[in-house]
Amino acid sequence: MKLLFDKVVSLCGLLILWPLIGAVCVLIHIKMPGGPVFFFQKRVGKNGKPFTMYKFRSMTISHSGSTVSVAGENRITPLGAVLRKYKLDELPELWNVLIGDMSLVGPRPDVPGYADNLRGEERLILNLKPGITGPASLKYRNEEEILATVDNPIEYNDKVIFPDKVRINLYYYRNYSFIKDIQMIFCTILGKRMIYNNELI
């Protein structure tokens, strides 16, 4: 059911949202000239298999920043900040869902460096397809703003946020619910919060 739901909704989403997707493409071309419209990055998928994730480009072309993004960074363009705030930069991931690399709901796909840090039962998370949204994504929907308030964003991400995401994703793996998936999709679209595992996310 989950696979069929992913295919149908991602296809419908691409067909319905193509005017918005086209408008974002034009805006990036105008406001962020000299570079590609799309951003491609290798992420770790189901069973640890790498895949290419598609997003709209939201940063300058030549930057040497880390994989941890912080709100207000110079490498994030003004248009990119708007796209990231409203999650519009993630619309191309519907294509990843359609071709089977991702699911609508699941753990966010990590870059290899972070996925390699999973140990023991934590690696059960890799049995799942990564998702556009999920319980950890909902809890940390303002992750970039949170990281902007700490002295060492990378250390805080590695020691606080990443382990908490692993905890939440393990619970998702062990307590999967299609109804909860639907609820998370609506909460993502509407910017609402929900109770998950007795926790407000």
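Brief remarks follow.
- Residue count for region 67-124 under the criterion of being more than 20 Å from Arg43 (Cα to Cα), part of a loop (DSSP other than H, G, I, E, B) and within 16 Å of the chain's Cα centre (by Cα): the result is 2.
- For region 161-187, filtered to residues that are over 18 Å from Ala115 (Cβ atoms) and aliphatic (A, V, I, L, M), the residue that is surrounded by the most Cβ atoms within 10 Å (Cβ to Cβ) is Met184.
Here is a yes/no grid of residues against (1) more than 27 Å from Trp95 (Cα to Cα); (2) assigned to a loop (DSSP other than H, G, I, E, B):
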| residue | (1), (2) |
| --- | --- |
| Ile132 | no, no |
| Glu144 | no, no |
| Asp151 | yes, yes |
| Glu155 | yes, no |
| Lys159 | yes, no |
| Lys165 | no, no |
| Ile168 | no, no |
| Asp181 | no, no |
| Ile189 | no, no |
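- Only residues that are surrounded by 13 or more Cβ atoms within 10 Å (Cβ to Cβ) and either under 21 Å from Ile21 (Cβ atoms) or modelled with pLDDT of 95 or more (or both) were counted in region 51-62, giving 8.
- Failed item, numbered, when Ile132 is tested on (1) in contact with a Leu (Cβ under 6 Å, 6 or more places away or on another chain); (2) surrounded by fewer than 20 Cβ atoms within 10 Å (Cβ to Cβ): (2)
The values are calculated or read from the model by the stated rules, or taken from the named source; none is laboratory data. Everything numeric in this text was worked out from a predicted model, so none of it was measured. Note that each Cβ is placed from the backbone with ideal geometry, even for glycine, and that neighbours are counted across all protein chains shown.
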